[in-house]
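Undergrad: Below you'll find the structure I mean.
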Amino acid sequence: MRRGAHRVDAATPASRDRAVDALRAFAILGVVLGHWLVTALVAEDGALHTASPLQHMPWLAPISWAFQTLAVFFLVGGHVATRSHAAARARGVSYGAWLRARLARLLGPVVALLTLWTVAATALLLTGTSFLTLHTLVKLALSPLWFLLVFAALTAVTPLAARLNPLWPLAVVLHVDILRFGLHTGPSWLGWVNLAAGWLVPYTLGAAWTRGELETRRAAWVLLLGGTTATAVLVLAAGYPASMVGVPGAPVSNLNPPTLAAVTFGLAQCGLALLLRERLRRAMRRPLVWAAVALVNLSAMTIFLWHQTALMATTATALSAGRLPGLHTLPDGLGWVAARLLWLPVFALVLAVCWTAFRSLEQRAHRRSAGAHRVRPRVVRVHRPRDAETARAVRHV
């Protein structure tokens, strides 16, 4: 492992900002662990129902503060996409070619997920599985796709986002929430405007990062302190939910669609991420740490797309042994939390099986993307022929 890690480290050019990859890996793993901790499938009345420990133990809301890391992913996504688009323009690559390559990398692994769950849903339906259970499983399995659709849409508007001040989408979110919660006016679909505007805020912050506007620690502190203060005021004085993820049965969700509190919380997360850049760069100088981060980045979409399937496969398979604590029981006490923590390694093992089976699809999409630009990838630098395998492992991170 050490020899392999050192080869990966040596094959990575000194110009690469490893902190960016570390932030992306942190964001992906945060979402995965968050879902595994707050998503429960309760076996009752011959069917599986979705539940959440946040519904029965609202004092666990800080868990959502630690693991709802989507804003960091959009921050990194905006930074990388705007930088990639600028580089493509400098090479003479058209916007259409650039966008097709980016979307191929993003959406390529989705085909396998849709195919498998189409077959699985059909088989479950034919074998007599209740429609309620089937609906619960399919809804959870396909829930990551909303994120990819939003991210694909923001990728498509990268040339605009590269010039857009983050205050503009933030103002849209503010006015939408004033109409929804302050004046109680507007059509029922109005809140869904924030699905684009809310995530456009960290995405355009990523573009501002590319422009060099967020390089100072002062800018990062303004985001962190301003976002934290605004979120605290919204939760304590304006009645926004304390949980930064949706809670079954709650009248308002901060995430579905995003509220002003979710966006200001994201600003605080982005500020913290920017403050940690130097520490992350130093940490990434360790070959073993960098190799692990590179591996997560190489399979980011595979991990993201299949983590809910790993949870459900474990839950459904273990149901034959009866209602197991932390897996099929109601998440209404600390006993469930302790049991769920013991299940996390099992979820990770099943996800590793999914990763082994489907990671090649994501890597193939990366290779097609690089080939579409007809340029040598700049992620790694190959010095010796024996490094070719290492180069293939990390060239598309």
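Undergrad: Sticking with the crude label model, points 7 Å out along Cα→Cβ, report the distance from residue 163 to residue 337 in nm, one decimal please.
TA: Label at residue 163, label at residue 337, 5.0 nm between them.
Undergrad: Further, regarding this structure: Give the distance, in whole Å, between the Cα centre of the range 181-213 and the Cα centre of the range 258-288.
TA: Using only Cα atoms, the two centres lie 19 Å from each other.
Undergrad: Using r as the Cβ-Cβ distance of residue 107 and residue 14, and R0 as 35 Å, what FRET efficiency do you calculate, to the nearest 0.05?
TA: 0.65
Undergrad: How many Å² of accessible area per residue for the range 162-269, probe 1.4 Å?
TA: Value returned for the range 162-269: 49 Å² of accessible area per residue.
Undergrad: For an R0 of 41 angstrom, estimate the FRET efficiency from the Cβ-Cβ distance between residue 115 and residue 237 and round to the nearest 0.05. Intermediate values should be presented prior to the final figure.
TA: Values: r = 48 Å, r/R0 = 1.18.
Taking R0 as 41 Å, the efficiency between residue 115 and residue 237 is 0.25.
Undergrad: Once label points are set 7 Å from the Cα along Cα→Cβ at both residue 323 and residue 59, what is their separation, rounded to one decimal in nm?
TA: That separation, rounded to one decimal, is 2.5 nm.
Undergrad: Something else now. Would you give the gap between the C-alpha center of the range 296-333 and the C-alpha center of the range 44-123, rounded to a whole Å?
TA: Here the answer is 18 Å between Cα centres.
Undergrad: On to the next question. How high is the FRET efficiency from residue 190 to residue 288, r the C-beta distance, R0 56 Å, rounded to 0.05?
TA: 0.70
Undergrad: Loop-only chymotrypsin sites (Phe, Trp or Tyr not before Pro) in the range 160-218, please: DSSP not H, G, I, E or B, and at most 12 other Cβ atoms within 10 Å. Let's see the in-between values first.
TA: Working: sites: 181, 189, 192, 199, 203, 209; in loops: 189.
Listed in order of number, the matching sites are 189.
Undergrad: If you line up the Cα atoms of the chain on their principal axes, what length do they span on each, largest first, in Å?
TA: Its Cα atoms span 61, 50, 37 Å along the three principal axes.
Undergrad: Next question. Rg and Dmax of the range 314-368, Cα atoms, in Å?
TA: Rg, Dmax (Cα atoms, Å): 15.7, 49.
Undergrad: Round to a whole number: what % of the accessible area of the range 100-204 belongs to carbon and sulfur, probe 1.4 Å?
TA: Of all accessible area on the range 100-204, carbon and sulfur atoms account for 77 percent.
The values are calculated or read from the model by the stated rules, or taken from the named source; none is laboratory data. This one's a predicted model, so the numbers in the text were calculated from it and none came from an experiment. Positions of Cβ are generated from backbone atoms using ideal geometry, with glycine treated the same way; all protein chains shown enter the neighbour counts. Side chains are part of the model used for accessible areas, which takes the heavy atoms of the whole protein and leaves out ligands, DNA and RNA. Shrake-Rupley method; radii C 1.70, N 1.55, O 1.52, S 1.80 Å.
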